[in-house]
1. Say each of Thr57 and Ala20 gets a label point 7 Å from the Cα, pointing the same way as Cα to Cβ; how far apart are those two points in nm?
2. Suppose R0 equals 30 Å. What FRET efficiency, 1/(1 + (r/R0)^6) with r the Cβ-Cβ distance, do Gln295 and His131 give to the nearest 0.05?
3. Based on DSSP loop calls and a cut-off of at most 15 other Cβ atoms within 10 Å, the longest stretch of the chain free of exposed GluC sites (Glu not before Pro) is what?
4. Within the set Lys274/Lys340; Lys211/Lys443; Lys290/Lys405; Lys72/Lys405; Lys405/Lys443; Lys345/Lys443, which residue pairs have Cα atoms separated by over 28 Å?
5. How tilted is helix 230-242 with respect to the longest principal axis of the chain? Cα atoms for both, answer in degrees (0 to 90, nearest 10).
6. With both partners inside segment 9-97, how many of the DSSP beta bridges are antiparallel, as a percent to the nearest 5?
7. Apply the a/c threshold of 1.5 to the C-alpha gyration tensor of segment 104-214 and tell me whether it is rounded, prolate or oblate.
8. Label Gln243 and Ala316 with points 7 Å out from Cα along Cα→Cβ: what is the distance between them in nm?
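Taken together, the values in this text are just the output of simple stated rules run on the coordinates, not laboratory data. In this text, all values refer to a predicted model and were calculated from it rather than measured experimentally. Every residue, glycine among them, receives a Cβ derived from its backbone with ideal geometry; neighbour counts consider all protein chains shown.
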Amino acid sequence: MGVTRKSTSSDSAAVRELRAIMQGRVVSRGDDDYARTRRIWNGAVETQPALFAVCETSADVQAALRSACQHKISLSVRGGGHDWAGRALCPDGLVVDFSKTRQVIVDRRSRTATVSAGAQARDVAAAAAAHGLVAALGNCGTVGFTGLTLGGGYGPLNGQYGLAADNLLGAEVVLADGRCVTTGPDEEPDLFWAIRGGGGNFGVVTSMRIKLHEARHMLGGMVVYPWSEAEAVLPRYAAIAAQMPDELTVEAMMTSGPDGQPAIIFTPLWNGDKLQGECAIDHMLQALGKPQFAQCGPMTYPEMLAPTDAWVAETAGLHWEMRTRSLPALLPGPIDAIIKAISRKTSPRSAVIFHHFHGAATRIPADATAFGVRQEHFMLEILAGWEFDRSNGAAHRQWAQDLWKSLAPFALPGGYANVLGPNDREQAAAAYGDNAARLRALKRRFDPDGVFASAIPLPAMFETHSP
C-alpha cells in the first residue's frame, strides 16, 4: 500500500479542531475505521489521506475547508468514490467526505429534486421512480451523482433530455474563501456556467436542484452477440445510431461474456410511446442480426441500473486503468482497431464501452455550459481491469494505452474530462473547446490559490496563469 507518512502537528491540530466543531465525525490515520473510510472502487489507488471530515452539513464543509487552508493541508472531495483515478483521495491531505449525505427530496408537482452531495445515481433513480419520474443519469447506479453531473454526465436519456449537467437547475456551493453561496441562472451565473461541465474545480457543491422528467413507457434490456459477429454487427450498430430517435439510446460494451469469451453486449433504453418503442426495439434487433441472447421489455430506470451495479459490486477493489476517446463516427478504421484490441486483451475484466451522444444533448449551444463538445459522437471508455499482481498491471495498462493511441487519428480533440487521468494533459487542454479561456478566467476568479486542485483536469492546470 506504499509508505505512509506520519501525522504532523498540523494534521493533529486540524483533527482536534474539527472534532470540536463538526456535527459529522472526523477519521484520522490510526483510527480503527480509517481503512474502511478510505476504501474506494479502484484498488490500484494507494493514496493515503491524513484525515477525513465526514460532513453532514454545509457548516461542516466550511469548517473543513477553513481548517485545511489554515494548516496548509491539501484538500479533496469524496462523493461516490468511483473515479478510477482516485481523485477523491488527496495524498496526506484532508478529504471532505459526503458518504453520510445521500438524501433526495422530490417535488412531484414541479418535477424537481433536491439532491445531497453524497447521493449516488441509484438514490436519485429510486426517489424519482417512486413518483413516476426519471432523471438524466448514467448507466451505473453506484457512481456519485454530484461528480457525474458536474463533469457532464453521459447516459441513456441524453438523447431525450441532454446530459445530467444540462438538467442542473441550481446548487449550493462552498467557495474557496469559505462563503456558502447559491448559484443558478440568476444567482452567481458565471459559477453556474462553470460547474456544468467544469467539475468541482470552483467550490464544494453541497446540494443540487435538478430537473426531473416523466417516465413514459420505458423499454430496456440486453442483447448479446458472440465475438465472431463483431465485424458484421458493429457497422450495423453505427448505421442504426445515425438514424436513432431521441427517445432511444443504445449503448454497447465489448468485454468477456459469461463463458469467459469476448462478446458484444448492447443495452437499449426507450422512453416514450409504447407502440413506437416496441417498433424501434424490433427494428434494432432486425438490423443488427440474429443475437446469441436477447431480452427486452418493460423496465424502470432502477431495474436498468441493477446489472451494472451487480458487476461494480463484484469488481470493487480490483485494479483499474481507464482511457477515453470521442469518435465522431464508427468508421471502419476505429472499428478494426477496437476489434483487434479486444481480441488480444490481457484480462477478462477489460472492456470497451460506447456511450452514444445524440439528440437533445447535441442541440444545446456549446457555449451554454462549460461542457465543450456538442456534436454527435461516441464517447469510449477503454477500461483495463485486473487482479493485483507484482508487475503493477504493466501489461494491462499497456493494452489500454495501445488502443487509446491507435484511436487517436479517428478521434475528436480532447476527451471526456470526467474520466481523463491526471497525466492526460493534451486531451485536457482540448476537452472544453472554445470554453477553455472562460474556464481559466473563472478558475482564477473563484479559486485563485488552487484550493480545489484534485478535481477533474482543466486546461488551467497545465498552463501558466497570467496575473
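1. Output for this residue pair reads 1.8 nm.
2. Numbers: r = 27 Å, r/R0 = 0.91.
So the FRET efficiency works out to roughly 0.65.
3. Longest gap between qualifying sites, sites excluded: 47-386.
4. Lys274/Lys340; Lys290/Lys405; Lys72/Lys405; Lys405/Lys443; Lys345/Lys443
5. The answer is roughly 80 degrees.
6. Details: 3 of 11 bridges.
Rounded to the nearest five, the antiparallel share is 25 percent.
7. Since a/c reaches 1.5 and a/b is larger than b/c, the shape of segment 104-214 is classed as prolate.
8. If labels sit at Gln243 and Ala316, their model points lie 4.3 nm apart.
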